[in-house]
Amino acid sequence: MSNPVDYIEYTRRTYEALGYPPYSWVENLDSPPFTPLSIPIEEASLALIASGGIYQRGQSAFHFKDDLSYRLINTEVSVDELRVTHFAYDVRDARSDPNIVFPIEGLRNLVSEKKLGGLTPQAVTFMGGIYSARKVREELAPALVQQLRDQRADIALLVPV
Amino acid sequence: MQRKILMQALDAFVDIKTAGEIQRLPYRWSADESWRENPMNGGSQSKSKSSGDFRTPRSETPQYQEPEDEKAFLEQHTTGACGTCIGAE
């Protein structure tokens, strides 16, 4: 298998080429909390969270400058209604098949096959590439966590881009 | 392949017992790996190595996939917020 892309070195090089000072990385010193799954996966309600800039036709698209908004998308949505917009990755494949960045059909199939208990009523989407870690930590992340609580999610699957 | 990845993601909810554990899957996006030379290219598909920022310029205007999407947004919001575009209405 190929080695992963070294995004840290890539970003350092890009910023240097643009004449910016060295990129200031977020450093999380605390270990992330860990909560073992306490119920069988076949009984768990999963929340799908995706950062690839997915919105549903009729919703507002994301903008490209530190957009802290998010969308709630009904998990019964038709894939034909899904749209993709993002400034930092090639979206052509995702627009051809939104399941690449928002695997809603695969998850619905697993629910039908009883390999997964269910999905929350709404999935949550936003657009990554937000430069302010503080705003993500203090504004967006708490709002997303509240959504998971409100929808009584047991587990969350984050699909990053 | 999408199904396999999802099944392995569900398995991870059960199998992972410690914080920070990463399970690497043996899949590759494409046999042509030239995209690795410029992985944050916003769509121009240039295969040259990065010498600057190739990403789409930033803007605070919603960037719709299709022009028709903006019309659909306006039609859906004629009476106010729809309640699903949180922070954008």
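The values are calculated or read from the model by the stated rules, or taken from the named source; none is laboratory data. A quick note: this is a predicted structure, and the numbers were derived from the prediction, not measured. We place every Cβ from the backbone using ideal geometry, glycine too, and count neighbours over all the protein chains shown.
With respect to the numbered conditions (1) modelled with pLDDT of 75 or more; (2) at positive phi, which one is the sole condition not fulfilled by B:GLY43?
Of the numbered conditions (1) modelled with pLDDT of 75 or more; (2) at positive phi, the odd one out for B:GLY43 is (1).
Is it the case, given these coordinates, that A:GLU138 is outside any loop (DSSP other than H, G, I, E, B), free of Cβ contacts under 8 Å to residues at least 40 places away in the same chain and within 28 Å of B:ARG58 (Cβ to Cβ)?
yes
Collect the residues in the range B:58-89 that are under 18 Å from the mean Cα position of the chain (by Cα) and closer than 17 Å to A:LEU82 by Cα, keeping them in residue-number order. First the steps, then the outcome.
Narrowing the range B:58-89 to residues under 18 Å from the mean Cα position of the chain (by Cα): B:58-59, B:62-66, B:85.
Once the filter is applied, which keeps residues that are under 18 Å from the mean Cα position of the chain (by Cα) and closer than 17 Å to A:LEU82 by Cα, the range B:58-89 yields B:PRO62, B:GLN63, B:TYR64, B:GLN65, B:GLU66, B:CYS85.
For the range A:15-39, how many residues are of a type in the set (Val, Ile, Thr) and exposed (fewer than 10 other Cβ atoms within 10 Å of the Cβ)?
2
Tell me whether the range A:77-84 contains one or more residues that are assigned to a strand (DSSP E or B), surrounded by 16 or more Cβ atoms within 10 Å (Cβ to Cβ) and touching a His at 6+ places or on another chain (Cβ under 9 Å).
no
Tell me whether the range B:55-62 contains one or more residues that are at pLDDT 90 or above, at the interface with another protein chain (Cβ under 8 Å from one of its Cβ atoms), surrounded by 14 or more Cβ atoms within 10 Å (Cβ to Cβ) and out of contact with any Leu (no Cβ under 7 Å at 6 or more places or on another chain).
So far as the range B:55-62 goes, yes, one or more of its residues are at pLDDT 90 or above, at the interface with another protein chain (Cβ under 8 Å from one of its Cβ atoms), surrounded by 14 or more Cβ atoms within 10 Å (Cβ to Cβ) and out of contact with any Leu (no Cβ under 7 Å at 6 or more places or on another chain).
Looking for whichever is of a type outside the set (A, V, I, L, M) and touching a Gly at 6+ places or on another chain (Cβ under 8 Å) here; the options are A:ARG108, A:ARG92, A:ARG134. Which one fits?
A:ARG92
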